[in-house]
Amino acid sequence: MKKILALALSLIMVGTLVSCSSNTTNQGAVTEDTQAQTTQAQKSETYELALVTDLGTIDDKSFNQGSWEGLVQYAQEKNVSHKYYQPQSKETSSYIETIELAIEGGAKVIVCPGYLFEEPVFEVQSKYPNIKFILIDGEPHSGDYSVYKTENNVMAVLFKEDQAGYLAGYAAVKEGMTELGFMGGMAVPAVVRFGYGFVQGADAAAKELGKTINVKYHYTGAFAATPEAQAMAASWFNGGTEVIFGCGGAVGNSVMAAAESAGKKVIGVDVDQYAESNTVITSAIKQLGNAVYSGIESVYNNNFPGGKTSVFTVENDGVGIAMEHNKFTTFTEDDYAQIYSKMRAGSINIIDDVSVTDTSNIKDSLTATKVDFVG
């Protein structure tokens, strides 16, 4: 009887062990299958095209938005996955971390809009040679500016802001305005070129009309909307200035606020800023979307212009002024087409030396314009 009982207990124990072993194996198989599904889901959530925003948001009606629209246009036309990423701060380290986050997310092409990306792209271009970078409005350089180097996986993009500024100044005077203002942000090359072109375009139109014009000229030293910038713009308007070219990111918002109170006009910058304020009569624009679209297209067409700087001008429809939503009453589409054609043909010479930011190096070329540089 004892032998029979012992045998029965042995069989029960073996059955229990087999059952436990079987359950463990099944649980392991389920876990591995779940992990495989998770990994596959992560892979399916990668994004081939990425944009890392500059300061501000993706709908800032400026650099981020203009660049994003070009990326989205290509992505939707070609059915390519895409996503944007936003740094937590304006520090170079934060920009680099965000770029690397985009790479971890599967990005093969990364668009970096704005000069603040010059140093971050300089740092990552050699580290990630298989990633294509499109750097808008800048060229890669070291933090101390001692080394400029653009690797073959980087397309650096610059614009002829002086041409867009020229067209804006020309149109304003042709519209009948003789008291103008230019309020820039920081005196970086792009902003300086906008101002130089603006003054020269205004002078050209004044000579054609036989008029004398005045231009107040100032750099705020930053790209933020401030009470000080608004107060200065208001004082200009109250003193007779009819239109101010607000050229410096959110500085333009300060100018617009002052214009709304004074019933005066504003010229926007970078993108068509007509929706920002009903005081905006036009904007000196960089075709950011065109530049981004062109850069991405070159990647997929295997003719990426890496290792050098691509300059967008009137010749390749890279710059101009916004006419679609303009509020001109005298300056017409035909007027714009004529001056644009002359510029494209190379018959207009614009001084764009930015070594002296107070415009003293272009004053000798101005015959119908007085520039009052407000320090």
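The values are calculated or read from the model by the stated rules, or taken from the named source; none is laboratory data. Just so it is clear, the model here is predicted, and its values are computed rather than measured. Ideal geometry is used to build each Cβ from the backbone, glycine not excepted, and the neighbour counts take in all protein chains shown. Quick note on the areas: whole protein, heavy atoms, side chains included, nothing else; ligands and nucleic acids left out. Shrake-Rupley method; radii C 1.70, N 1.55, O 1.52, S 1.80 Å.
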| task | Please find, among V292, V371, the residue that is touching a Lys or Arg at 6+ places or on another chain (Cβ under 7 Å) and open to solvent by less than 30 Å² (accessible area, probe 1.4 Å). | result | V371
| Residue within region 274-283 that is open to solvent by 10 Å² or more (accessible area, probe 1.4 Å), under 17 Å from P113 (Cβ atoms) and among the hydrophobic types (A, V, I, L, M, F, W, C) present | no
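What strands (runs of 3 or more DSSP E) completely inside region 272-375 contain at least 3 residues that are closer than 30 Å to A107 by Cβ and at pLDDT 95 or above?
Details: elements: 280-286, 308-312, 319-321, 369-373.
The qualifying strands (runs of 3 or more DSSP E) are 308-312.
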| request: Please tell me if E333 is out of contact with any helix residue (DSSP H, G or I) (no Cβ under 8 Å at 6 or more places or on another chain), among the charged types (D, E, K, R) and free of Cβ contacts under 8 Å to residues at least 24 places away in the same chain. | output: yes
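Are any residues in region 63-81 within 17 Å of the chain's Cα centre (by Cα) and either open to solvent by less than 20 Å² (accessible area, probe 1.4 Å) or more than 17 Å from L288 (Cα to Cα) (or both), and if so, which ones? Working first, answer last.
From region 63-81, those within 17 Å of the chain's Cα centre (by Cα) are 63-74; that's our starting set.
Answer for region 63-81, where residues must be within 17 Å of the chain's Cα centre (by Cα) and either open to solvent by less than 20 Å² (accessible area, probe 1.4 Å) or more than 17 Å from L288 (Cα to Cα) (or both): N64, G66, S67, G70, L71, Y74.
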| query | What single numbered condition from (1) among the small types (G, A, S); (2) surrounded by fewer than 17 Cβ atoms within 10 Å (Cβ to Cβ); (3) touching an Asp or Glu at 6+ places or on another chain (Cβ under 9 Å) fails to hold for G221? | reply | (3)
| request: Return the residue satisfying two criteria in turn: it lies in region 179-218 and is surrounded by fewer than 21 Cβ atoms within 10 Å (Cβ to Cβ) and among the polar types (S, T, N, Q), and of such residues it is nearest to I362 (Cα to Cα). | output: N214
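Only residues that are among the hydroxyl-bearing types (S, T, Y) and either part of a helix (DSSP H, G or I) or free of Cβ contacts under 8 Å to residues at least 12 places away in the same chain (or both): list them for region 226-270, please. Steps first, answer last, please.
Taking region 226-270 first, the residues among the hydroxyl-bearing types (S, T, Y) are 226, 235, 241, 254, 261.
Answer for region 226-270, where residues must be among the hydroxyl-bearing types (S, T, Y) and either part of a helix (DSSP H, G or I) or free of Cβ contacts under 8 Å to residues at least 12 places away in the same chain (or both): S235, S254, S261.
With the condition kept exactly as written, say whether any residue in region 329-343 is open to solvent by less than 30 Å² (accessible area, probe 1.4 Å), in contact with a strand residue (DSSP E or B) (Cβ under 6 Å, 6 or more places away or on another chain) and within 22 Å of F194 (Cβ to Cβ).
Taking region 329-343 and keeping what is open to solvent by less than 30 Å² (accessible area, probe 1.4 Å), we get 331, 339, 343.
Narrowing the set further to residues that are in contact with a strand residue (DSSP E or B) (Cβ under 6 Å, 6 or more places away or on another chain) leaves none.
So far as region 329-343 goes, no, none of its residues is open to solvent by less than 30 Å² (accessible area, probe 1.4 Å), in contact with a strand residue (DSSP E or B) (Cβ under 6 Å, 6 or more places away or on another chain) and within 22 Å of F194 (Cβ to Cβ).
From the list Y95, Y145, pick out the single residue that is closer than 23 Å to F223 by Cβ and under 15 Å from the mean Cα position of the chain (by Cα). Before the answer, list the steps.
Numbers: Y145 fails: under 15 Å from the mean Cα position of the chain (by Cα).
Selected residue: Y95, the only one of Y95, Y145 that is closer than 23 Å to F223 by Cβ and under 15 Å from the mean Cα position of the chain (by Cα).
Do the conditions hold for G56, that is, is it farther than 19 Å from G185 by Cβ and either in a loop (DSSP other than H, G, I, E, B) or open to solvent by less than 10 Å² (accessible area, probe 1.4 Å) (or both)?
Numbers: farther than 19 Å from G185 by Cβ: no; either in a loop (DSSP other than H, G, I, E, B) or open to solvent by less than 10 Å² (accessible area, probe 1.4 Å) (or both): yes.
Considered against the rule, which asks whether it is farther than 19 Å from G185 by Cβ and either in a loop (DSSP other than H, G, I, E, B) or open to solvent by less than 10 Å² (accessible area, probe 1.4 Å) (or both), G56 comes out as no.
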| field | Residue, farthest from the chain's Cα centre (by Cα), within region 247-306, restricted to residues that are closer than 26 Å to A156 by Cα and among the aromatic types (F, W, Y) | value | Y300
| task | Give region 270-303 a look and list any residue that's in contact with a helix residue (DSSP H, G or I) (Cβ under 6 Å, 6 or more places away or on another chain) and of a type in the set (G, A, S), or say none. | result | S277, A284, G289
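Taking the conditions exactly as written (among the small types (G, A, S) and open to solvent by 20 Å² or more (accessible area, probe 1.4 Å)), does G248 satisfy them or not? Talk me through it step by step, then tell me what you get.
Values: among the small types (G, A, S): yes; open to solvent by 20 Å² or more (accessible area, probe 1.4 Å): no.
Spelling it out, it is not the case that G248 is among the small types (G, A, S) and open to solvent by 20 Å² or more (accessible area, probe 1.4 Å).
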| query | Could you say which residue among F223, F194 is among the aromatic types (F, W, Y) and part of a loop (DSSP other than H, G, I, E, B)? | reply | F223
